[in-house]
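Working notes, structure below.
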Amino acid sequence: MARRGWVRLMQPMLVLGVIAGAPTGLRAQLPPSLLETLTPGRRARIELRDSARVTGRVQSVRSDLVTLNVVQYLNAQRAVAVMREIPADSLRWIWVTSGTQWKKGAAAGGALGAGLALTLGILLGGGGGDWPECRGGCLARGTTSGAGIGAGIGAVIGLFFLRWKLVY
């Protein structure tokens, strides 16, 4: 009786051992569409199953292995490039760059610039003040100008931020 309990306890461990020791043909393989997406030279951010993150440039891709060129900082003045091989079965997520955030920056900057110009226009001269002939027209022109200037500044700032796309 005690022997059966021990066998039942060991069955899941035996199955896991067989899976872990399986030949590479039975291990995790990357889908063909991902192999086309991860072209050499493209920036990739990979999260592993142990929650570690690796960011670098793709060096090579096989169905069972991704190789990244990773910059590793030794101290404030010294860095080295290291090749990091990551097996497919240890991958959780793969993100790749797909441009910059200039459109979002332009939209945010335009909205902020328009709002700021409209607020200043209302506070400083919305009641007509010294220029009674310039009531609504000046507010509209000032708001439009503020939106344009803000959109330009926001687009330039957005160029410095990468857009990441989840591919795996």
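Any read-out appearing in this document is the output of simple, stated calculations on the displayed coordinates, not a laboratory observation. Just so we're clear, the structure is a prediction, and the values are computed from it rather than from any experiment. For neighbour counting, all protein chains shown are included, and Cβ atoms are generated from backbone atoms with ideal geometry for every residue, glycine included.
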Using the crude model of +1 on Lys and Arg Cβ and -1 on Asp and Glu Cβ, and no other charge, please compute the dipole size for segment 53-108 relative to its Cα centre, in debye to 20.
280 debye
Phi-derived 3J(HN,Hα) across segment 104-118 with the Karplus relation (6.51, -1.76, 1.60, θ = phi - 60°), rounded Hz, x for Gly and Pro, is 5, x, 5, 5, 5, x, x, 5, 5, x, 5, x, 5, 5, 5
Amide H within-cut-off set for ARG163, under 5 Å, with H built and near neighbours excluded
SER98, GLY99, THR100, GLN101
Bridge type composition, segment 25-99 - antiparallel percent by DSSP, nearest 5:
100 percent
Under 5 Å between amide H atoms, partner at least 5 residues away or on a different chain: which partners does TRP93 have, H built in plane at 1.01 Å?
GLU47
Under the Karplus relation 6.51 cos²θ - 1.76 cosθ + 1.60, θ = phi - 60°, what is the ordered set of whole-Hz ³J(HN,Hα) values for segment 84-93, x standing for Gly and Pro?
10, 9, 10, x, 4, 6, 9, 7, 10, 9
When the chain is fully extended, how far beyond the present Cα-Cα distance does ARG163 get from ILE122, taking 0.36 nm per residue of separation?
11.1 nm
Nonlocal amide H pairs with SER60, under 5 Å, H built at 1.01 Å:
THR67
Integer Hz, Karplus 6.51/-1.76/1.60 couplings in order for segment 154-168, x for Gly and Pro:
x, 5, 5, 5, x, 5, 8, 10, 7, 9, 9, 10, 6, 10, 8
